[in-house]
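S.K.: Below are the structure tokens for one structure; questions will follow.
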Number of protein chains: 2
Amino acid sequence: MNQLTNLSPAEVSAQHEQDAKDLTRILPASNKVYIEGSRPDIRVPFREISLTDTPTGLGGEQNLPLRVYDTSGVYTDPNVSIDLNKGLPWIRQTWIEERDDTEVLTGLTSKFGQERLKDIRTADIRFAHIQNPRRAKAGKNVTQMHYAKQGIITPEMEYIAIRENQRQREGVDMRQHAGQNFGAQNLREITPEFVRQEIAAGRAIIPANINHPEIEPMIIGRNFLVKINANIGNSALGSSIHEEVAKMTWATRWGADTIMDLSTGKNIHETREWIIRNSPVPIGTVPIYQALEKVDGVAEDLTWEIFKDTLIEQAEQGVDYFTIHAGVLLRYVPMTANRLTGIVSRGGSIMAQWCLAHHQENFLYTHFDEICEIMKAYDVSFSLGDGLRPGCVQDANDEAQFSELKTLGELTHRAWEHDVQVMIEGPGHVPMHMIKENMDLQLEVCKEAPFYTLGPLTTDIAPGYDHITSAIGAAMIGWYGTAMLCYVTPKEHLGLPNKKDVKDGIITYKIAAHAADLAKGHPGAQARDNALSKARFEFRWEDQFNLALDPDTARSMHDETMPKEAHKSAHFCSMCGPKFCSMKITQNVRDYAQNQKNASASEEVDSEVESGLQAMKNAYHEHGQKLYHKV
Amino acid sequence: MNQLTNLSPAEVSAQHEQDAKDLTRILPASNKVYIEGSRPDIRVPFREISLTDTPTGLGGEQNLPLRVYDTSGVYTDPNVSIDLNKGLPWIRQTWIEERDDTEVLTGLTSKFGQERLKDIRTADIRFAHIQNPRRAKAGKNVTQMHYAKQGIITPEMEYIAIRENQRQREGVDMRQHAGQNFGAQNLREITPEFVRQEIAAGRAIIPANINHPEIEPMIIGRNFLVKINANIGNSALGSSIHEEVAKMTWATRWGADTIMDLSTGKNIHETREWIIRNSPVPIGTVPIYQALEKVDGVAEDLTWEIFKDTLIEQAEQGVDYFTIHAGVLLRYVPMTANRLTGIVSRGGSIMAQWCLAHHQENFLYTHFDEICEIMKAYDVSFSLGDGLRPGCVQDANDEAQFSELKTLGELTHRAWEHDVQVMIEGPGHVPMHMIKENMDLQLEVCKEAPFYTLGPLTTDIAPGYDHITSAIGAAMIGWYGTAMLCYVTPKEHLGLPNKKDVKDGIITYKIAAHAADLAKGHPGAQARDNALSKARFEFRWEDQFNLALDPDTARSMHDETMPKEAHKSAHFCSMCGPKFCSMKITQNVRDYAQNQKNASASEEVDSEVESGLQAMKNAYHEHGQKLYHKV
């Protein structure tokens, strides 16, 4: 089954069981809660983390549960039973039907899709419950942008407004620094109408194919929480369908807002079906990868017809956004000749190869309006690919890269004329001081269409740690205005990520995205920091772990140093040992400050200073002044 | 022996053997080389990484070895035999003696040092080859700053000039983006005279106690390469002397430029002696920790006399810089009362406790000139501690923090009046958009004395990953002008770091420091990125691993996905599999661009476009155009 790890069937089966357990285990001290919108079928999920009370000696107050954004879907809802063979509930179905602008087809309309359905060799790996696909009625446009431009607030938009607000209970510490957001708009409250306006203006997108009714709607735009994407996908060399579905659920469990399925191996079509049917988050793909498979890997054999059939095939499965490298123009290709690392985007190099071989303009560019016609019949969003992104620090911000970006700006406008939703992909490898130029140019030429960047990696010298080299760049560009960050795992440049790598990549990118939210001053973003820091200060270790992005790792790292149960609840910090308990001292400082305040109100100022100081000293000694707590 | 991991004696012994092997194993494909200065005893070490030739099909040129900065000392010099019991060679001894301004004392002058020497209980753990300490002759000042102000270029300064230049051979790709350095001065070549000027101006320090003749001199200042510090040290709860020495050599092996020994457990004095005698890099300490041990952990029992004896004790052992929390003034303490996490610096909280208990001004502040007198007799540098640094995002940049920073500015001037070298410690927890304010204020009030920051951590919500939350802030503040970054390990807030955590922290901070060097445009910084990216582009996998900050991890991650030897040398990237070889395509692009250039020179422009395009197509097909290499 797994040619990479050479597991026996028994081991594979054990692995599957473990995956299934991991899948549905809710994070510690957490409950799934739903906030209902204006109608009962708008039920927006949150994870609510319960907290313990402050110890009596430190004030004893109650700490209210904290609500956090939850991408894990119903996998972590104990009231829903999961069956991967059947897929997730169709929560958007009614909304789509109510709009009455789509029809259910009698079958797949792509040639390839039809062939695969008939292929008996793939019968045993085929998802069993495939439904007939849905498409816009003739003359209809079913994109969220189209509705928004007409002033319609869809249930998806309302759902998102509730989700972005992360409403906390009264009494949660919502203090926060004013952010610096470079012209992004941060509201106190995000309303459904605001969501509609942002979608209408093209400043945000809701990737939501009508054939993916399973998704919990989410938004990508710089006036919202910064999102992250995780790439999964098998390759010619490795991994099974099961593993890819497990990676998807694993990634959303830890916080992936969207998933890109970049499979390039065999059975791409079937793998994708399994992933989409079981995914609570939008799925993106790069259709040119599959198109290339169909011509046996020979780029020059690609045709518009094969590509078009692939778009329809994937749109009818429910892919929510397509990466399309339509900005790789023939005349830009020679600009990469003197680069240190040439063209490193797979899609970019395929199109460059095609352009050179045929001496014609990129067919994705010349057929762009026809692509838009397909996109709007299913509401697939564009992720306009940066096929000429730099592959090393030296090639950053060069003529090839920025020429393509300007073309992406032109294509954005063309897509918007069709009311098709668009985001723009960005670099790559860029040293820190050259990052902002990317963001500024993107905002200018793409008129604030959401930017979606890979990293950027801020140095080339750390293979094995490129989640970190890139998290630095990702946090910065997120702060500057990038709406979604594509994760990079530690295996980048080295190999295909395993489960641990996927998690490392996700947590690292959750950090980058959250750091960006804080810097932008996104409303409510700091509540989790405040709650965790208060828990830390009060030695509520369990609360500190439970509030962490990765409770499991935080807990196990702590247990490693503090193995005994007695120590675990110790009122001192393991870094310092029992003698240095710096946080405890603050209690003394607070007592002192309070006394000083009381005292200064009742004292003569000058002559009595000396006796006042003496009084303070006495008061301090009366007020505990103990450095250390007994456990 | 190890109460944390409960190892048996045999296991401990095996661990020691492994440590010893790790210690002296040179990194793969690397040679220790020395560049000689103006005299034969100035021999500056570099690690030279050998590279293979470019494959014939891609041009076949020779790739010259790359020299990189090397902090690992003679441990990685196969011509030097290591004996931890005897310590490292005294490479600075002659330089110190030649200056003829110091005398060898007849014995330790600190009361505590004398007592410990007589204590038979510690005889078996005492370093055997303790020498009599050295001190400035009466009336002499032996600081590097003192020499610099008099126009003297010391051998240490010349050594550093050679080291910072990282001279590469003619022919190495030195292309680099112009940096943005916020007023720092980047020279094409760093001369000994420039080093002298920077030291004289206080913009850089050379931590180099006359009792630490073992160190390979290094410099900390914003016009030089950004440095990193690693903290080690036992606590009341864990780890042995052996483990601390092993951590030190392990840390310098991976790139720590200085080490802080933050031990708080028993046998601090003896542990420190072992570390210093075996350390090729400067050692810093926080003397108040040991002073507190001497009064059994009761902060209010601390006295100036006990502290002073501790300074002398440690100065005579050879500590190169002292963290002194002299800016925690009595009047600032109440400013922390309303903080979310109060005072989190251990030193800061000890001094706050003392101030409150006695109702007197911080004795480190009132005795500051006497401290300077001790510092200049041994050339110990100040690291003025930020005792009121913020412990969470909410407390960043508050009145307490910035009030202390202003006092540190005042103390900087007082130290400079004594010609004592100074750097300034900085935060802490700071969201991204509030980082620059820290740097700007520090530069202003401390007149460009080097800034030395912990992180800063850009969010509080990721315990277990604070090497990453802080690397984001560290890279940014390094770019803005911070001279040295204090590493944070994944165990921060959770427990004491083990060997793996130390390495993770180091590599992460090497990334942050290097990203900052690139952004500042430090001369030659990009050479390693260029070499690695070229190796990547040319599928020279082994060179890519060997040029990595952590060759072992890069290699093992790659081998994990590509287990077979045949695959390892495969001319395709494992992320893409054999069909998508995007980098290979660039060769085609180069051929094409060359042909186009040739063609456009000889063609009529307008009417012949069509036939020209056809000609290009033919030329392309003639020139290989193959996507894939056979292995």
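The values are calculated or read from the model by the stated rules, or taken from the named source; none is laboratory data. Predicted model, so just to flag it, every value in this text is computed and none were measured. When we count neighbours, we look across all protein chains shown, and the Cβ atoms used for this are built from the backbone with ideal geometry, even at glycine. Accessible surface is based on the protein model in full, side chains and every heavy atom, while ligands, DNA and RNA are left aside. Shrake-Rupley method; radii C 1.70, N 1.55, O 1.52, S 1.80 Å.
S.K.: Could you tell me which numbered condition B:ASP301 fails, if it satisfies all but one of (1) free of Cβ contacts under 8 Å to residues at least 40 places away in the same chain; (2) in contact with a helix residue (DSSP H, G or I) (Cβ under 7 Å, 6 or more places away or on another chain); (3) open to solvent by 20 Å² or more (accessible area, probe 1.4 Å)?
M.R.: (2)
S.K.: Only one of these is in contact with a Phe, Trp or Tyr (Cβ under 8 Å, 6 or more places away or on another chain), in a loop (DSSP other than H, G, I, E, B) and either open to solvent by less than 80 Å² (accessible area, probe 1.4 Å) or not charged (D, E, K, R) (or both): A:VAL172, A:VAL142. Name it.
M.R.: Values: A:VAL172 fails: in contact with a Phe, Trp or Tyr (Cβ under 8 Å, 6 or more places away or on another chain).
Only one candidate passes the filter, namely A:VAL142.
S.K.: Looking at region A:41-81 only, could you name the residues that are touching a Gly at 6+ places or on another chain (Cβ under 9 Å) and either of a type in the set (Lys, Arg) or in the same structural domain as A:ILE506 (by the TED database) (or both)?
M.R.: A:ARG43
S.K.: Residue check: is A:LEU457 within 11 Å of another protein chain (Cβ to nearest Cβ) and within 25 Å of the chain's Cα centre (by Cα)? Even if it seems obvious, please write down each step before you answer.
M.R.: On the way: within 11 Å of another protein chain (Cβ to nearest Cβ): yes; within 25 Å of the chain's Cα centre (by Cα): yes.
Against the criterion (within 11 Å of another protein chain (Cβ to nearest Cβ) and within 25 Å of the chain's Cα centre (by Cα)), A:LEU457 qualifies.
Okay, residues lined up against (1) within 21 Å of B:ALA178 (Cα to Cα); (2) of a type outside the set (Val, Ile, Thr):
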{"residue": "A:ASN438", "(1), (2)": "yes, yes"}
{"residue": "A:LEU443", "(1), (2)": "no, yes"}
{"residue": "A:LYS447", "(1), (2)": "no, yes"}
{"residue": "A:PHE451", "(1), (2)": "no, yes"}
{"residue": "A:GLY464", "(1), (2)": "no, yes"}
{"residue": "A:SER470", "(1), (2)": "yes, yes"}
{"residue": "A:VAL488", "(1), (2)": "no, no"}
{"residue": "A:LYS499", "(1), (2)": "no, yes"}
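S.K.: Would you mind finding the one in A:LEU364, A:LEU340, A:LEU356 that is of a type in the set (A, V, I, L, M), assigned to a loop (DSSP other than H, G, I, E, B) and in the same structural domain as A:ALA415 (by the TED database)? Walk me through it before giving the result.
M.R.: On the way: A:LEU364 fails: assigned to a loop (DSSP other than H, G, I, E, B); A:LEU356 fails: assigned to a loop (DSSP other than H, G, I, E, B).
None of the other options fit; the residue is A:LEU340.
S.K.: So, one more: Test B:LEU262 against the criterion of being closer than 23 Å to B:ALA449 by Cβ, out of contact with any strand residue (DSSP E or B) (no Cβ under 6 Å at 6 or more places or on another chain) and in the same structural domain as B:GLY473 (by the TED database), and give yes or no.
M.R.: On the way: closer than 23 Å to B:ALA449 by Cβ: yes; out of contact with any strand residue (DSSP E or B) (no Cβ under 6 Å at 6 or more places or on another chain): no; in the same structural domain as B:GLY473 (by the TED database): yes.
No.
S.K.: Does B:PRO523 satisfy the condition of being of a type outside the set (Gly, Ala, Ser), outside any helix (DSSP H, G or I), surrounded by fewer than 24 Cβ atoms within 10 Å (Cβ to Cβ) and more than 8 Å from chain A (Cβ to nearest Cβ)? Lay out the reasoning, then the answer.
M.R.: On the way: of a type outside the set (Gly, Ala, Ser): yes; outside any helix (DSSP H, G or I): yes; surrounded by fewer than 24 Cβ atoms within 10 Å (Cβ to Cβ): yes; more than 8 Å from chain A (Cβ to nearest Cβ): yes.
Yes, satisfied.
S.K.: May I pose another question? Looking at (1) open to solvent by less than 10 Å² (accessible area, probe 1.4 Å); (2) more than 12 Å from the chain's Cα centre (by Cα); (3) more than 8 Å from chain B (Cβ to nearest Cβ), find the lone condition where A:MET476 falls short.
M.R.: A:MET476 satisfies every listed condition except (3).
S.K.: Let me ask you something else. Can you tell me how many residues within region A:383-394 are more than 14 Å from A:THR453 (Cα to Cα) and open to solvent by less than 10 Å² (accessible area, probe 1.4 Å)? Even if it seems obvious, please write down each step before you answer.
M.R.: So the first thing to find is which residues in region A:383-394 are more than 14 Å from A:THR453 (Cα to Cα), and the list is A:392-394.
Keeping just the survivors that are open to solvent by less than 10 Å² (accessible area, probe 1.4 Å) gives A:392-393.
Summing the residues that are more than 14 Å from A:THR453 (Cα to Cα) and open to solvent by less than 10 Å² (accessible area, probe 1.4 Å) in region A:383-394 gives 2.
S.K.: Could you say which residue among A:GLU198, A:GLU243 is of a type in the set (Asp, Glu) and over 27 Å from A:GLN526 (Cα atoms)?
M.R.: Selected residue: A:GLU243, the only one of A:GLU198, A:GLU243 that is of a type in the set (Asp, Glu) and over 27 Å from A:GLN526 (Cα atoms).
S.K.: Specify which of the listed residues (B:ASN209, B:ASN229) is under 21 Å from B:GLN421 (Cα atoms) and part of a strand (DSSP E or B).
M.R.: Values: B:ASN209 fails: part of a strand (DSSP E or B).
Result: B:ASN229 is the single residue among B:ASN209, B:ASN229 that is under 21 Å from B:GLN421 (Cα atoms) and part of a strand (DSSP E or B).
S.K.: Within region B:431-439, does at least one residue satisfy the condition of being within 14 Å of chain A (Cβ to nearest Cβ), over 26 Å from A:ASN588 (Cα atoms), open to solvent by less than 10 Å² (accessible area, probe 1.4 Å) and not in a helix (DSSP H, G or I)?
M.R.: Checking region B:431-439: at least one residue is within 14 Å of chain A (Cβ to nearest Cβ), over 26 Å from A:ASN588 (Cα atoms), open to solvent by less than 10 Å² (accessible area, probe 1.4 Å) and not in a helix (DSSP H, G or I).
S.K.: Can you name the condition, by its number, that A:PHE451 falls short on among (1) of a type in the set (Phe, Trp, Tyr); (2) open to solvent by 10 Å² or more (accessible area, probe 1.4 Å); (3) closer than 30 Å to B:THR469 by Cβ?
M.R.: If we test A:PHE451 against (1) of a type in the set (Phe, Trp, Tyr); (2) open to solvent by 10 Å² or more (accessible area, probe 1.4 Å); (3) closer than 30 Å to B:THR469 by Cβ, just (2) comes out false.
S.K.: Separate question: Taking the stated definitions as given, is A:TYR159 crowded, with 20+ Cβ neighbours inside 10 Å, in contact with a strand residue (DSSP E or B) (Cβ under 8 Å, 6 or more places away or on another chain) and either assigned to a loop (DSSP other than H, G, I, E, B) or not polar (S, T, N, Q) (or both)? It would help to see each step written out before you state the result.
M.R.: On the way: crowded, with 20+ Cβ neighbours inside 10 Å: yes; in contact with a strand residue (DSSP E or B) (Cβ under 8 Å, 6 or more places away or on another chain): yes; either assigned to a loop (DSSP other than H, G, I, E, B) or not polar (S, T, N, Q) (or both): yes.
It is true that A:TYR159 is crowded, with 20+ Cβ neighbours inside 10 Å, in contact with a strand residue (DSSP E or B) (Cβ under 8 Å, 6 or more places away or on another chain) and either assigned to a loop (DSSP other than H, G, I, E, B) or not polar (S, T, N, Q) (or both).
S.K.: Determine which single condition A:VAL445 fails, assuming it passes every other condition in (1) more than 11 Å from every other protein chain (Cβ to nearest Cβ); (2) crowded, with 24+ Cβ neighbours inside 10 Å; (3) aliphatic (A, V, I, L, M).
M.R.: Result: A:VAL445 passes all but (2).
S.K.: Could I ask something else about it? Out of all the residues in region B:46-69, which are under 23 Å from the mean Cα position of the chain (by Cα) and either in contact (Cβ under 8 Å) with a residue 60 or more places away in the chain or open to solvent by less than 10 Å² (accessible area, probe 1.4 Å) (or both)? Working first, answer last.
M.R.: Taking region B:46-69 and keeping what is under 23 Å from the mean Cα position of the chain (by Cα), we get B:46-49, B:66-69.
Within region B:46-69, B:PHE46, B:ILE49, B:LEU66, B:ARG67, B:VAL68, B:TYR69 qualify.
S.K.: Checking A:HIS493 against (1) outside any loop (DSSP other than H, G, I, E, B); (2) in contact (Cβ under 8 Å) with a residue 24 or more places away in the chain, only one condition comes out false. Which one?
M.R.: Result: A:HIS493 fails condition (1) only.
S.K.: Which of (1) more than 9 Å from chain B (Cβ to nearest Cβ); (2) under 17 Å from the mean Cα position of the chain (by Cα) does A:ASP543 not meet, given it meets every other one?
M.R.: Result: A:ASP543 passes all but (2).
S.K.: If you take the residues of region A:112-162 that are within 28 Å of the chain's Cα centre (by Cα) and aromatic (Phe, Trp, Tyr), which of them is nearest to A:VAL281 (Cα to Cα)?
M.R.: A:TYR159
S.K.: Any residue at all in region A:320-339 that is more than 11 Å from chain B (Cβ to nearest Cβ), farther than 24 Å from A:ASN438 by Cα and open to solvent by less than 10 Å² (accessible area, probe 1.4 Å)?
M.R.: yes
S.K.: Take B:THR310 and decide whether it is more than 8 Å from chain A (Cβ to nearest Cβ), open to solvent by 10 Å² or more (accessible area, probe 1.4 Å) and among the hydroxyl-bearing types (Ser, Thr, Tyr).
M.R.: Details: more than 8 Å from chain A (Cβ to nearest Cβ): yes; open to solvent by 10 Å² or more (accessible area, probe 1.4 Å): no; among the hydroxyl-bearing types (Ser, Thr, Tyr): yes.
The answer is no for B:THR310.
S.K.: Report whether or not B:PRO217 is under 19 Å from B:TRP95 (Cβ atoms) and in the same structural domain as B:PHE382 (by the TED database).
M.R.: Values: under 19 Å from B:TRP95 (Cβ atoms): yes; in the same structural domain as B:PHE382 (by the TED database): yes.
Considered against the rule, which asks whether it is under 19 Å from B:TRP95 (Cβ atoms) and in the same structural domain as B:PHE382 (by the TED database), B:PRO217 comes out as yes.
S.K.: In addition: Go through the residues of region A:8-29 one by one and say whether even a single one is open to solvent by 60 Å² or more (accessible area, probe 1.4 Å) and modelled with pLDDT of 95 or more.
M.R.: no
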